[in-house]
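Structure, as structure tokens:
The values are calculated or read from the model by the stated rules, or taken from the named source; none is laboratory data. Please read all numbers here as calculations on a predicted model, not as lab measurements. Backbone-built Cβ (ideal geometry, glycine too); neighbour counts: all protein chains shown.
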């Protein structure tokens, strides 16, 4: 209980720092209607990307993190590349979380910190790098960060508090490494696929 509450405080501090830096650099801008539609579209695409995992891949032991991270990260990073603004990553990730809850078991605010942490960590990374997935190296770094943050938080904080399931350190290590590896692969795929998509988007093809 104490660790979960402490994590929530940390997440909001992290988000506050990210958006404070964005405010100081005058990077906080309103989203256009078109951009909000793109963000909503990618929230839906993230849900679709997870369907193979939910309907079969999750039954294969020891590859949960790897199998899920590749398509999730690829689609997420394409969305961020299309809308390279402060807050886009958080909106896509959190929007996907809400959509998944609405479609499946209903709204559960206990999972919101998990989604917010994933978004805030990426926002801060982009701000510190001054780069919104503009290079393969930046995308690779963002993929490593995403994989590390979300799986460490899930296995050490979310799952024990919400599901009352406690995982062995060796299992957490394996899943986190797989999550980081899958996120790196997904980041590179997303970066490569985003180029023609961005070209089509800018010329009215999307």
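Considering each of 17, 83 in turn, give the residue that is crowded, with 19+ Cβ neighbours inside 10 Å and touching a helix residue (DSSP H, G or I) at 6+ places or on another chain (Cβ under 7 Å).
Values: 17 fails: crowded, with 19+ Cβ neighbours inside 10 Å.
None of the other options fit; the residue is 83.
Any residue that is crowded, with 16+ Cβ neighbours inside 10 Å, without any contact (Cβ under 8 Å) to a residue 40 or more places away in the chain and farther than 20 Å from residue 175 by Cα - is there at least one of those in the stretch 123-137? Break it down stepwise before answering.
Filtering the stretch 123-137 for residues crowded, with 16+ Cβ neighbours inside 10 Å gives 123-127, 131-133.
Okay, now just the ones that are also without any contact (Cβ under 8 Å) to a residue 40 or more places away in the chain, so 125, 131.
Now drop any that are not farther than 20 Å from residue 175 by Cα, which leaves 125, 131.
Checked against the condition, which is being crowded, with 16+ Cβ neighbours inside 10 Å, without any contact (Cβ under 8 Å) to a residue 40 or more places away in the chain and farther than 20 Å from residue 175 by Cα, the stretch 123-137 yields at least one hit.
Residue by residue through the stretch 91-120, note down the ones that are touching a residue at least 24 places away in the same chain (Cβ under 8 Å), farther than 16 Å from residue 44 by Cα and crowded, with 16+ Cβ neighbours inside 10 Å.
111, 113, 114, 116, 117, 118, 119, 120 - these are the residues of the stretch 91-120 that are touching a residue at least 24 places away in the same chain (Cβ under 8 Å), farther than 16 Å from residue 44 by Cα and crowded, with 16+ Cβ neighbours inside 10 Å.
Could you check, for the stretch 108-121, whether at least one of its residues is under 14 Å from the mean Cα position of the chain (by Cα) and more than 22 Å from residue 161 (Cα to Cα)?
The initial filter retains those residues of the stretch 108-121 that are under 14 Å from the mean Cα position of the chain (by Cα), namely 111-121.
Of the ones still in play, those that are also more than 22 Å from residue 161 (Cα to Cα) are none.
No, that holds for no residue.
Within the set of pairs 6 or more residues apart or between chains, which connect a residue that is more than 19 Å from residue 97 (Cα to Cα) inside the stretch 149-170 to a residue that is not in a loop (DSSP other than H, G, I, E, B) with Cβ atoms less than 6 Å apart?
The qualifying pairs are 165/159; 166/160; 167/155.
Condition test on residue 181, is it surrounded by fewer than 19 Cβ atoms within 10 Å (Cβ to Cβ), in a helix (DSSP H, G or I) and touching a residue at least 24 places away in the same chain (Cβ under 8 Å)? Can you show your working first?
Numbers: surrounded by fewer than 19 Cβ atoms within 10 Å (Cβ to Cβ): yes; in a helix (DSSP H, G or I): yes; touching a residue at least 24 places away in the same chain (Cβ under 8 Å): yes.
In short, yes.
Taking the residues in the stretch 1-56 that are in contact (Cβ under 8 Å) with a residue 12 or more places away in the chain and part of a loop (DSSP other than H, G, I, E, B) as candidates, determine which candidate is farthest from residue 67 (Cα to Cα).
25
Just name the residue that is surrounded by the fewest Cβ atoms within 10 Å (Cβ to Cβ) out of those in the stretch 184-206 that are part of a helix (DSSP H, G or I), in contact with a helix residue (DSSP H, G or I) (Cβ under 9 Å, 6 or more places away or on another chain) and modelled with pLDDT under 90.
In the first step, residues of the stretch 184-206 are kept if they are part of a helix (DSSP H, G or I); the result is 184-202.
Among the residues that remain, those that are also in contact with a helix residue (DSSP H, G or I) (Cβ under 9 Å, 6 or more places away or on another chain) are: 184-195, 197-198, 201.
Checking the rest, the ones that are also modelled with pLDDT under 90 come to 195, 197-198, 201.
Numbers: 195: 11, 197: 16, 198: 15, 201: 16.
Looking at residues that are part of a helix (DSSP H, G or I), in contact with a helix residue (DSSP H, G or I) (Cβ under 9 Å, 6 or more places away or on another chain) and modelled with pLDDT under 90, I get 195.
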